[in-house]
1. Ordered by packing density, taken as the mean number of other Cβ atoms within 10 Å over each peptide's residues, highest first, how do 126-132, 107-113, 185-191, 86-92 rank?
2. Compute the length gained on full extension between ALA519 and VAL144: take 0.36 nm times their separation in residues and subtract their Cα-Cα distance, giving the result in nm to one decimal.
3. Beta carbons within 10 angstrom, averaged per residue: use that to sort the peptides 247-256, 38-47, highest first.
4. If packing is taken as the average count of other Cβ atoms within 10 Å, what order do 515-524, 343-352, 446-455, 236-245 fall into, highest mean first?
5. Under a no-solvent Debye model with one identical scatterer per Cα of region 68-132, what's log10 I(q)/I(0) at q = 0.12, 0.19 Å⁻¹?
6. Measuring from label point to label point, each 7 Å out along Cα→Cβ, what is the VAL478 to ALA50 span in nm?
7. What is the gain in length, in nm to one decimal, between ALA502 and HIS171 on full extension, counting 0.36 nm per residue of separation less the C-alpha to C-alpha distance?
Amino acid sequence: MIFGAGATPAHLLVVPVLLPLATAALLLLIKGRRGLKAVINVAATTAGLAVAVAILLGVHADDAPAAFGVYLPGNWPVPYGIVLVADRLSALLLVLAGCVGLAALLYALARWQHAGVYFHTLFQLQLMGLAGAFLTADLFNLFVFFEVLLAASYGLLLHGGGGDRVRAGLHYIAVNLVASLLFLIGVAVLYGVTGTLNMADIASKLPAVPEGDRGLLHAGAAIMAIAFLAKAALWPLNFWLPGAYAAASAPAAAVFAILTKVGVYAVLRLWTLCFPADAEAAASAGFGGDALVWGGIVTLAFGAVGMLASQQPGRLAAYSVIASSGTLVATIGFDAPALGAGALFYLASSTLAACAMFLLVELLDRARQVEADPPLRDDGQAPPPAFIDAGPPEVTNLDDDEQALTGRAIPAALAFLGIAFGLTALVIAGLPPMSGFVAKLAMLRALLDQQTPAAWMLFALLLVSGLFAAVALVRVGVRHFWTAEARPAPRLRVIETLPVAALLATTVAMVLHAEATLAYTRAAAEALHAPRGYIDAVLGARPVERATAVKAAVR
């Protein structure tokens, strides 16, 4: 099958899965030679990002609200074979995964790739799991790709060793194993009720489910939703996240910024597909919507308070991920396309900002570590703090009028850290002129049209959480840039600063092209809340005739 505009071959859909799988296998065969592994990893990740962009442009080339690319890898008819589907939502998340992955990988080339033998292999398997989870249209294959990305994340979380990582890793593994078990139970129940695992086929068969089995249907959906929401860090299932993300190495934590969005994506895809408000089976219409709304609101409040209470930048960044997940889950339950458009814009903005923040956390900590005990003055007293006027020193430069030249030149590395941290803080807090402000403004405008207590509560929390985030980030900035003792300038490598700059440049580009970006997310939200297009596209896919396939191969 071909994309809506006919400009992109459907075989491109399988590349985001096969490319990292083949790269991981190749990297396993190479013994030693980290330089060669790094080159292969960067080339494959860059190619994967290019393919993701091509898929996004392919599904967006059609002006219709619903544009899909459907691919049958085994050439089996639906719903018996594996199906890969790309729409605007999955294409957006593919591009986000590629951006986050490439940024984290480039950062890791400076130091972290040397901390473990299988870093590059695990990294590619992580990208494979992410791509498969976003593209699959089958519940069991969604479980398989979930396990692939989780298995890789276990290794990446423990990458570099250390007691804190092992302790946090055990909690992380235990929680995700329980969630995976619930996932399997939910899938088994749904299969028992509907007789299929294809998501589009499940949605088409739900109206025909007998009333006597509808309670079992809801129970299976609820069990599976608990698994997804645990991975999405919904309160109270998110106790594992702050410790795990704060303990992970900087590139691993940066990739983890998008892992919670996989759980959010699964909930968004299945809920809008199977339980839309206008469902033919009125008994299941909007099932679980209130739980999503209020669960997301509580999670947002928890994340905002966690940010305000955090003293370590790593934990603050982790709580910002929780707050963003709560915001997204809450917007899902309203079943409002206008609110969904702003939420998808916010998803992209918050993911890029969280990735940049996790990379910056290590650079900030490193800048403080060079602040060793300052040398004492001749009188045995410590020197005054930086940026405090202590009078001209005994030996100083004089201007033409023989007046002391005072002031301090800010080193380029410290200036970069300050600017990058400030811009990232603006995005996370949702302050102008960065992309976080555009996203929150779009959501606030949509919430004004809801006129419900839950909408007013979310409206207020979006404002309060932004205030809490701003206070917490300003406090971290003051501690790192204003009240520190005099210290030598931090030494940063270009390969470490380039990914952070690229991520922030992407958020700036989202602001400069806010109208086009919002048009894309609006079209994605409208397609999600009109699931008939997705169902028809998947169920209408037909295997390629063998003779046609042979002729195409000869050509």
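Values in this text are rule-based calculations from the coordinates and carry no lab data. Because the structure is predicted, anything quoted here is derived from the model rather than measured. Cβ atoms come from the backbone with ideal geometry, glycine included; neighbour counts cover every protein chain shown.
1. Ranked by mean Cβ neighbours within 10 Å, highest first: 126-132, 86-92, 107-113, 185-191.
2. 131.7 nm
3. Numbers: 247-256: 27.0, 38-47: 17.8.
Packing order, densest peptide first, comes out as 247-256, 38-47.
4. The densest-packed peptide leads the list: 343-352, 236-245, 515-524, 446-455.
5. Per q value, in the given order, log10 I(q)/I(0) is -0.45, -0.80.
6. Calculated label separation equals 4.9 nm.
7. Separation in residues times 0.36 nm, less the Cα-Cα distance, equals 115.9 nm.
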